[in-house]
1. Using only Cα atoms and rounding to the nearest 10 degrees, what angle (0 to 90) does helix 323-338 make with the longest principal axis of the chain?
2. Using alpha carbons only, how many angstrom separate the centre of segment 190-267 from the centre of segment 111-181?
3. State the volume of the convex hull built on the alpha-carbon positions of segment 189-286, expressed per residue in Å³ and rounded to an integer.
4. Note the angle between two axes, namely the Cα long axis of helix 157-209 and the longest principal axis of the Cα atoms of the chain, as a number of degrees from 0 to 90, rounded to the nearest 10.
5. Counting only heavy atoms of protein chains, what accessible area per residue, in Å², does segment 1-141 have with a probe of 1.4 Å?
6. Exceeding 19 Å between C-alpha atoms, which entries from my cross-link table qualify? They are LYS58/LYS108; LYS17/LYS218; LYS52/LYS121; LYS218/LYS240; LYS17/LYS201.
7. What are the aspartates and glutamates whose alpha-carbon lies under 20 Å from the alpha-carbon of LYS147, with same-chain residues fewer than 8 places away excluded?
8. Any chance you could give the angle, 0 to 90 degrees and rounded to 10, that helix 360-377 forms with the longest Cα principal axis of the chain?
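The values are calculated or read from the model by the stated rules, or taken from the named source; none is laboratory data. Being a predicted model, the structure only gives us computed values, none of them experimental. Counting neighbours? That spans all protein chains shown, and the Cβs are built from the backbone with ideal geometry, glycine included. Areas reflect the complete protein model, heavy atoms only, side chains present, ligands, DNA and RNA absent. Shrake-Rupley method; radii C 1.70, N 1.55, O 1.52, S 1.80 Å.
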Amino acid sequence: MKYFEKVKKASKNVTIKWKLTIWTALLMCVLFFSYNLLQYYVIQNWIVDHEKESVRKKMDEVIAYLQQTETMDDVIQSENYIKVLNEKYQMIRIISDEGTPLLTVSDKVSQSWVKPKFVHKEEYVEVSPTGDQLIVIRKPIDIAAFKGSIEIIRNTENFESLINKIFSLMLAAGIIAVFLSFWGGRFISFLLLRPINSMVKTMKRIKENGLNERVPIKDHHDEMTELAAMFNDLIEDLEKSFSKQQQFVEDASHELKTPLTIIHGHLSLINRWGKDDPKVLERSISLSLNETERLIHLVSELLVLTRVEDYKQAHLSFEEIKIRPVIENIVENFRTICGAEFHIKADLNIEETLSVKMLKSHFEQILIILLDNAVKYSKEKKIFLYMLIVILIN
(Lines give C-alpha, C1' and ligand atoms only; values in the text may rest on other atoms or scores of the structure.)
Protein backbone atom coordinates (compact mmCIF):
# COMPACT_ATOMS: atom_id res chain seq x y z
CA MET A 1 0.00 0.00 0.00
CA LYS A 2 2.82 2.40 0.84
CA TYR A 3 4.47 1.69 -2.50
CA PHE A 4 1.28 2.49 -4.42
CA GLU A 5 0.79 5.64 -2.34
CA LYS A 6 4.32 6.76 -3.22
CA VAL A 7 3.70 6.05 -6.91
CA LYS A 8 0.39 7.95 -6.78
CA LYS A 9 2.03 10.87 -5.02
CA ALA A 10 4.90 10.94 -7.53
CA SER A 11 2.48 10.80 -10.48
CA LYS A 12 0.87 14.04 -9.32
CA ASN A 13 4.13 15.88 -9.95
CA VAL A 14 4.48 14.51 -13.50
CA THR A 15 3.63 16.96 -16.28
CA ILE A 16 0.88 16.25 -18.81
CA LYS A 17 3.54 15.97 -21.53
CA TRP A 18 5.26 13.08 -19.75
CA LYS A 19 1.96 11.46 -18.79
CA LEU A 20 0.88 11.45 -22.45
CA THR A 21 4.31 10.13 -23.47
CA ILE A 22 4.25 7.29 -20.94
CA TRP A 23 0.65 6.24 -21.55
CA THR A 24 1.02 6.44 -25.33
CA ALA A 25 4.25 4.44 -25.24
CA LEU A 26 2.69 1.81 -22.96
CA LEU A 27 -0.37 1.52 -25.19
CA MET A 28 1.74 1.18 -28.33
CA CYS A 29 3.95 -1.45 -26.65
CA VAL A 30 0.95 -3.46 -25.45
CA LEU A 31 -0.62 -3.36 -28.91
CA PHE A 32 2.66 -4.30 -30.59
CA PHE A 33 3.44 -7.21 -28.27
CA SER A 34 -0.17 -8.44 -28.43
CA TYR A 35 -0.01 -8.40 -32.22
CA ASN A 36 3.35 -10.21 -32.20
CA LEU A 37 2.11 -12.89 -29.80
CA LEU A 38 -0.96 -13.46 -31.94
CA GLN A 39 1.19 -13.56 -35.07
CA TYR A 40 3.62 -15.99 -33.41
CA TYR A 41 0.75 -18.27 -32.38
CA VAL A 42 -0.79 -18.22 -35.86
CA ILE A 43 2.56 -18.90 -37.59
CA GLN A 44 3.38 -21.74 -35.20
CA ASN A 45 0.03 -23.45 -35.76
CA TRP A 46 0.28 -22.91 -39.51
CA ILE A 47 3.74 -24.53 -39.67
CA VAL A 48 2.58 -27.47 -37.52
CA ASP A 49 -0.43 -28.02 -39.77
CA HIS A 50 1.79 -27.71 -42.82
CA GLU A 51 4.19 -30.35 -41.43
CA LYS A 52 1.30 -32.71 -40.68
CA GLU A 53 -0.16 -32.25 -44.13
CA SER A 54 3.26 -32.83 -45.72
CA VAL A 55 3.73 -36.09 -43.78
CA ARG A 56 0.24 -37.31 -44.75
CA LYS A 57 0.96 -36.63 -48.42
CA LYS A 58 4.17 -38.69 -48.16
CA MET A 59 2.16 -41.43 -46.51
CA ASP A 60 -0.34 -41.47 -49.40
CA GLU A 61 2.47 -41.57 -51.97
CA VAL A 62 4.16 -44.53 -50.25
CA ILE A 63 0.90 -46.47 -49.97
CA ALA A 64 0.04 -45.74 -53.60
CA TYR A 65 3.39 -47.09 -54.73
CA LEU A 66 3.25 -50.21 -52.50
CA GLN A 67 -0.21 -51.06 -53.80
CA GLN A 68 1.39 -51.63 -57.19
CA THR A 69 3.76 -54.33 -55.86
CA GLU A 70 2.89 -58.03 -56.23
CA THR A 71 5.45 -59.86 -54.08
CA MET A 72 7.39 -59.31 -50.88
CA ASP A 73 10.57 -58.91 -52.92
CA ASP A 74 8.99 -56.02 -54.79
CA VAL A 75 8.26 -54.37 -51.45
CA ILE A 76 11.82 -54.80 -50.24
CA GLN A 77 13.25 -53.59 -53.56
CA SER A 78 11.25 -50.36 -53.37
CA GLU A 79 13.94 -48.84 -51.13
CA ASN A 80 15.35 -46.60 -53.89
CA TYR A 81 11.98 -45.08 -54.67
CA ILE A 82 11.25 -44.48 -50.97
CA LYS A 83 14.64 -42.80 -50.58
CA VAL A 84 13.60 -40.37 -53.32
CA LEU A 85 10.32 -39.69 -51.47
CA ASN A 86 11.97 -39.25 -48.11
CA GLU A 87 12.92 -35.77 -46.92
CA LYS A 88 15.53 -34.34 -44.59
CA TYR A 89 15.06 -35.13 -40.88
CA GLN A 90 12.52 -37.87 -41.70
CA MET A 91 12.31 -41.68 -41.47
CA ILE A 92 9.97 -44.03 -43.38
CA ARG A 93 9.48 -47.62 -42.16
CA ILE A 94 7.48 -50.52 -43.55
CA ILE A 95 6.43 -52.80 -40.71
CA SER A 96 4.99 -56.31 -40.94
CA ASP A 97 1.92 -57.43 -39.05
CA GLU A 98 4.27 -58.96 -36.48
CA GLY A 99 5.80 -55.53 -35.71
CA THR A 100 9.09 -56.25 -37.48
CA PRO A 101 10.59 -53.57 -39.77
CA LEU A 102 10.80 -54.85 -43.35
CA LEU A 103 12.27 -51.67 -44.86
CA THR A 104 13.71 -48.53 -43.23
CA VAL A 105 14.80 -45.33 -44.95
CA SER A 106 16.06 -42.56 -42.61
CA ASP A 107 17.71 -39.16 -42.82
CA LYS A 108 19.19 -38.03 -39.50
CA VAL A 109 16.48 -39.84 -37.52
CA SER A 110 17.64 -42.74 -35.32
CA GLN A 111 15.57 -45.92 -35.35
CA SER A 112 15.98 -46.19 -31.60
CA TRP A 113 14.02 -42.97 -31.02
CA VAL A 114 10.71 -44.64 -31.85
CA LYS A 115 9.98 -48.37 -31.61
CA PRO A 116 8.26 -49.95 -34.62
CA LYS A 117 4.58 -50.64 -34.10
CA PHE A 118 1.91 -52.36 -36.16
CA VAL A 119 -1.49 -50.60 -36.12
CA HIS A 120 -4.95 -51.55 -37.39
CA LYS A 121 -6.06 -47.90 -37.95
CA GLU A 122 -4.40 -44.60 -38.63
CA GLU A 123 -2.54 -43.15 -35.68
CA TYR A 124 -0.97 -39.74 -35.07
CA VAL A 125 1.27 -38.96 -32.07
CA GLU A 126 3.85 -36.37 -31.04
CA VAL A 127 6.81 -37.54 -28.93
CA SER A 128 10.13 -36.11 -27.80
CA PRO A 129 12.33 -38.99 -26.59
CA THR A 130 15.62 -37.09 -26.98
CA GLY A 131 14.40 -33.54 -26.53
CA ASP A 132 13.57 -33.09 -30.21
CA GLN A 133 9.91 -32.88 -31.13
CA LEU A 134 8.88 -35.83 -33.37
CA ILE A 135 5.71 -36.23 -35.45
CA VAL A 136 4.75 -39.90 -35.89
CA ILE A 137 2.04 -41.04 -38.31
CA ARG A 138 1.17 -44.75 -38.72
CA LYS A 139 -1.28 -46.18 -41.24
CA PRO A 140 -2.22 -49.83 -41.93
CA ILE A 141 -1.81 -51.37 -45.42
CA ASP A 142 -3.26 -54.66 -46.72
CA ILE A 143 -2.13 -55.68 -50.21
CA ALA A 144 -1.47 -58.91 -52.08
CA ALA A 145 2.23 -58.85 -51.30
CA PHE A 146 1.92 -58.41 -47.55
CA LYS A 147 -0.08 -57.06 -44.64
CA GLY A 148 1.41 -54.48 -42.30
CA SER A 149 1.62 -50.74 -41.69
CA ILE A 150 3.56 -47.73 -42.89
CA GLU A 151 5.29 -45.51 -40.33
CA ILE A 152 6.64 -42.01 -41.04
CA ILE A 153 8.59 -40.13 -38.36
CA ARG A 154 9.37 -36.42 -38.93
CA ASN A 155 11.86 -34.56 -36.77
CA THR A 156 10.62 -30.98 -36.38
CA GLU A 157 14.10 -29.62 -35.72
CA ASN A 158 13.90 -27.34 -38.75
CA PHE A 159 10.45 -26.22 -37.65
CA GLU A 160 11.66 -25.44 -34.14
CA SER A 161 14.69 -23.61 -35.51
CA LEU A 162 12.43 -21.50 -37.70
CA ILE A 163 10.09 -20.80 -34.78
CA ASN A 164 13.04 -19.81 -32.58
CA LYS A 165 14.31 -17.45 -35.27
CA ILE A 166 10.87 -15.91 -35.59
CA PHE A 167 10.65 -15.53 -31.82
CA SER A 168 14.12 -13.93 -31.67
CA LEU A 169 13.16 -11.59 -34.49
CA MET A 170 9.94 -10.62 -32.73
CA LEU A 171 11.81 -10.10 -29.45
CA ALA A 172 14.37 -7.83 -31.14
CA ALA A 173 11.56 -5.99 -32.89
CA GLY A 174 9.81 -5.64 -29.54
CA ILE A 175 12.87 -4.03 -27.94
CA ILE A 176 13.14 -1.63 -30.88
CA ALA A 177 9.41 -1.01 -30.61
CA VAL A 178 9.83 0.09 -26.98
CA PHE A 179 12.19 2.89 -28.03
CA LEU A 180 10.08 3.76 -31.06
CA SER A 181 6.97 3.82 -28.85
CA PHE A 182 8.70 6.20 -26.45
CA TRP A 183 9.72 8.61 -29.19
CA GLY A 184 6.35 8.15 -30.86
CA GLY A 185 4.65 9.03 -27.58
CA ARG A 186 6.85 12.10 -27.27
CA PHE A 187 5.94 13.18 -30.81
CA ILE A 188 2.21 12.59 -30.24
CA SER A 189 2.28 14.50 -26.93
CA PHE A 190 4.09 17.35 -28.70
CA LEU A 191 1.43 17.49 -31.41
CA LEU A 192 -1.45 17.32 -28.92
CA LEU A 193 0.01 19.86 -26.51
CA ARG A 194 1.28 22.32 -29.12
CA PRO A 195 -1.91 24.48 -28.96
CA ILE A 196 -1.75 24.41 -25.14
CA ASN A 197 1.93 25.37 -25.20
CA SER A 198 1.04 28.16 -27.62
CA MET A 199 -1.61 29.39 -25.16
CA VAL A 200 0.92 29.26 -22.31
CA LYS A 201 3.40 31.33 -24.34
CA THR A 202 0.61 33.76 -25.24
CA MET A 203 -0.29 34.11 -21.55
CA LYS A 204 3.33 34.92 -20.77
CA ARG A 205 3.38 37.53 -23.54
CA ILE A 206 0.09 38.93 -22.22
CA LYS A 207 1.65 39.22 -18.78
CA GLU A 208 4.60 41.11 -20.26
CA ASN A 209 3.02 43.11 -23.11
CA GLY A 210 -0.69 43.38 -22.29
CA LEU A 211 -3.93 42.00 -23.67
CA ASN A 212 -3.17 42.65 -27.35
CA GLU A 213 -1.58 39.21 -27.83
CA ARG A 214 -3.53 36.31 -29.38
CA VAL A 215 -3.01 32.57 -29.88
CA PRO A 216 -2.30 31.78 -33.55
CA ILE A 217 -5.06 29.60 -35.00
CA LYS A 218 -4.52 27.33 -37.99
CA ASP A 219 -7.05 26.00 -40.48
CA HIS A 220 -7.56 22.72 -38.60
CA HIS A 221 -11.03 22.14 -37.18
CA ASP A 222 -10.55 20.14 -33.99
CA GLU A 223 -11.05 20.49 -30.24
CA MET A 224 -7.70 22.22 -29.71
CA THR A 225 -8.51 24.79 -32.38
CA GLU A 226 -11.86 25.40 -30.71
CA LEU A 227 -10.10 25.80 -27.35
CA ALA A 228 -7.64 28.31 -28.85
CA ALA A 229 -10.53 30.24 -30.45
CA MET A 230 -12.41 30.35 -27.14
CA PHE A 231 -9.23 31.52 -25.41
CA ASN A 232 -8.81 34.33 -27.96
CA ASP A 233 -12.46 35.32 -27.53
CA LEU A 234 -12.00 35.41 -23.76
CA ILE A 235 -8.89 37.58 -24.06
CA GLU A 236 -10.72 39.86 -26.49
CA ASP A 237 -13.62 40.22 -24.04
CA LEU A 238 -11.16 40.97 -21.25
CA GLU A 239 -9.43 43.56 -23.40
CA LYS A 240 -12.77 45.22 -24.19
CA SER A 241 -13.71 45.12 -20.52
CA PHE A 242 -10.42 46.71 -19.44
CA SER A 243 -10.73 49.30 -22.23
CA LYS A 244 -14.23 50.17 -21.06
CA GLN A 245 -12.99 50.35 -17.49
CA GLN A 246 -10.13 52.63 -18.50
CA GLN A 247 -12.48 54.78 -20.56
CA PHE A 248 -14.88 54.91 -17.61
CA VAL A 249 -12.11 56.06 -15.28
CA GLU A 250 -11.01 58.72 -17.78
CA ASP A 251 -14.59 59.95 -18.30
CA ALA A 252 -15.26 59.94 -14.58
CA SER A 253 -12.06 61.88 -13.91
CA HIS A 254 -12.97 64.38 -16.59
CA GLU A 255 -16.53 64.80 -15.31
CA LEU A 256 -15.48 65.20 -11.68
CA LYS A 257 -12.65 67.56 -12.42
CA THR A 258 -14.82 70.48 -13.64
CA PRO A 259 -17.22 70.77 -10.65
CA LEU A 260 -14.34 70.36 -8.21
CA THR A 261 -12.41 73.06 -10.02
CA ILE A 262 -15.47 75.35 -9.91
CA ILE A 263 -15.94 74.77 -6.18
CA HIS A 264 -12.23 75.40 -5.62
CA GLY A 265 -12.46 78.63 -7.63
CA HIS A 266 -15.38 79.96 -5.62
CA LEU A 267 -13.73 79.05 -2.33
CA SER A 268 -10.60 80.85 -3.46
CA LEU A 269 -12.77 83.85 -4.41
CA ILE A 270 -14.38 83.85 -0.97
CA ASN A 271 -10.99 83.49 0.67
CA ARG A 272 -9.58 86.52 -1.18
CA TRP A 273 -12.34 89.13 -0.85
CA GLY A 274 -15.71 87.36 -0.56
CA LYS A 275 -15.66 87.51 3.24
CA ASP A 276 -15.99 91.29 3.12
CA ASP A 277 -18.54 91.36 0.28
CA PRO A 278 -21.88 89.76 1.27
CA LYS A 279 -23.10 89.62 -2.32
CA VAL A 280 -19.98 87.82 -3.57
CA LEU A 281 -20.07 85.50 -0.54
CA GLU A 282 -23.71 84.61 -1.03
CA ARG A 283 -23.33 84.13 -4.78
CA SER A 284 -20.22 81.97 -4.47
CA ILE A 285 -21.77 79.81 -1.77
CA SER A 286 -24.92 79.35 -3.87
CA LEU A 287 -22.96 78.36 -6.96
CA SER A 288 -20.72 76.07 -4.90
CA LEU A 289 -23.76 74.34 -3.41
CA ASN A 290 -25.18 73.87 -6.91
CA GLU A 291 -21.93 72.31 -8.09
CA THR A 292 -21.85 70.13 -4.97
CA GLU A 293 -25.35 68.86 -5.70
CA ARG A 294 -24.40 68.25 -9.31
CA LEU A 295 -21.29 66.45 -8.15
CA ILE A 296 -23.34 64.21 -5.84
CA HIS A 297 -25.79 63.48 -8.65
CA LEU A 298 -22.92 62.77 -11.04
CA VAL A 299 -21.33 60.31 -8.60
CA SER A 300 -24.71 58.56 -8.20
CA GLU A 301 -24.99 58.18 -11.97
CA LEU A 302 -21.47 56.77 -12.17
CA LEU A 303 -22.36 54.22 -9.50
CA VAL A 304 -25.43 53.23 -11.48
CA LEU A 305 -23.31 52.84 -14.61
CA THR A 306 -21.06 50.36 -12.81
CA ARG A 307 -24.08 48.09 -12.34
CA VAL A 308 -25.16 47.29 -15.86
CA GLU A 309 -28.34 45.49 -14.93
CA ASP A 310 -29.45 48.31 -12.65
CA TYR A 311 -28.60 50.80 -15.38
CA LYS A 312 -30.77 48.94 -17.88
CA GLN A 313 -33.68 48.96 -15.46
CA ALA A 314 -33.19 52.56 -14.34
CA HIS A 315 -36.05 54.92 -15.16
CA LEU A 316 -34.86 58.39 -16.10
CA SER A 317 -37.25 61.07 -14.87
CA PHE A 318 -37.08 64.10 -17.18
CA GLU A 319 -37.96 67.57 -15.96
CA GLU A 320 -38.73 70.96 -17.42
CA ILE A 321 -35.64 73.12 -16.92
CA LYS A 322 -35.21 76.76 -17.84
CA ILE A 323 -32.28 77.25 -20.18
CA ARG A 324 -31.17 80.81 -19.35
CA PRO A 325 -30.45 80.42 -15.58
CA VAL A 326 -28.51 77.22 -16.13
CA ILE A 327 -26.35 78.80 -18.85
CA GLU A 328 -25.72 81.90 -16.74
CA ASN A 329 -24.57 79.81 -13.79
CA ILE A 330 -22.25 77.69 -15.95
CA VAL A 331 -20.77 80.76 -17.65
CA GLU A 332 -20.21 82.45 -14.29
CA ASN A 333 -18.50 79.34 -12.97
CA PHE A 334 -16.13 79.23 -15.92
CA ARG A 335 -15.38 82.93 -15.55
CA THR A 336 -14.48 82.22 -11.94
CA ILE A 337 -12.24 79.30 -12.96
CA CYS A 338 -10.50 81.03 -15.88
CA GLY A 339 -10.30 84.46 -14.27
CA ALA A 340 -9.07 87.42 -16.32
CA GLU A 341 -6.97 85.17 -18.56
CA PHE A 342 -9.99 84.25 -20.71
CA HIS A 343 -12.62 86.56 -22.15
CA ILE A 344 -15.94 84.69 -22.04
CA LYS A 345 -18.87 86.48 -23.69
CA ALA A 346 -22.41 85.11 -23.55
CA ASP A 347 -25.01 86.66 -25.84
CA LEU A 348 -28.13 85.25 -24.18
CA ASN A 349 -30.91 86.67 -26.29
CA ILE A 350 -33.43 84.15 -25.04
CA GLU A 351 -36.51 84.44 -22.92
CA GLU A 352 -36.51 83.60 -19.22
CA THR A 353 -39.37 81.14 -19.71
CA LEU A 354 -37.65 79.14 -22.51
CA SER A 355 -37.29 75.58 -21.24
CA VAL A 356 -36.33 72.11 -22.37
CA LYS A 357 -37.46 68.70 -21.08
CA MET A 358 -34.44 66.67 -19.98
CA LEU A 359 -32.34 65.97 -16.93
CA LYS A 360 -30.82 69.14 -15.55
CA SER A 361 -27.54 67.37 -14.79
CA HIS A 362 -27.29 66.18 -18.40
CA PHE A 363 -27.92 69.68 -19.74
CA GLU A 364 -25.30 71.13 -17.41
CA GLN A 365 -22.90 68.37 -18.41
CA ILE A 366 -23.30 69.20 -22.11
CA LEU A 367 -22.58 72.89 -21.49
CA ILE A 368 -19.58 72.10 -19.28
CA ILE A 369 -18.08 69.76 -21.89
CA LEU A 370 -18.46 72.34 -24.66
CA LEU A 371 -17.01 75.17 -22.59
CA ASP A 372 -14.21 72.97 -21.25
CA ASN A 373 -13.18 72.02 -24.80
CA ALA A 374 -13.45 75.70 -25.83
CA VAL A 375 -11.07 76.65 -23.02
CA LYS A 376 -8.62 73.88 -23.96
CA TYR A 377 -8.46 74.57 -27.69
CA SER A 378 -8.96 78.36 -27.82
CA LYS A 379 -5.83 80.03 -29.19
CA GLU A 380 -6.98 83.64 -28.75
CA LYS A 381 -8.41 82.93 -25.29
CA LYS A 382 -11.77 84.34 -26.30
CA ILE A 383 -15.01 82.38 -26.07
CA PHE A 384 -18.31 83.55 -27.56
CA LEU A 385 -21.38 81.66 -26.42
CA TYR A 386 -24.03 82.89 -28.83
CA MET A 387 -23.26 80.12 -31.36
CA LEU A 388 -23.90 77.60 -28.65
CA ILE A 389 -27.27 79.08 -27.85
CA VAL A 390 -28.37 79.03 -31.48
CA ILE A 391 -27.41 75.36 -31.78
CA LEU A 392 -29.26 74.43 -28.61
CA ILE A 393 -32.43 76.25 -29.60
CA ASN A 394 -32.45 74.83 -33.08
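1. Its long axis makes an angle of about 90 degrees.
2. 78
3. Given the Cα convex hull of segment 189-286, per-residue volume reads 110 Å³.
4. Approximately 0 degrees, to the nearest ten.
5. Here the per-residue accessible area is 68 Å².
6. LYS17/LYS218; LYS218/LYS240
7. Straight-line reach from LYS147, under 20 Å: ASP60, GLU61, GLU70, ASP73, ASP74, GLU79, ASP97, GLU98, GLU122, GLU123.
8. 90
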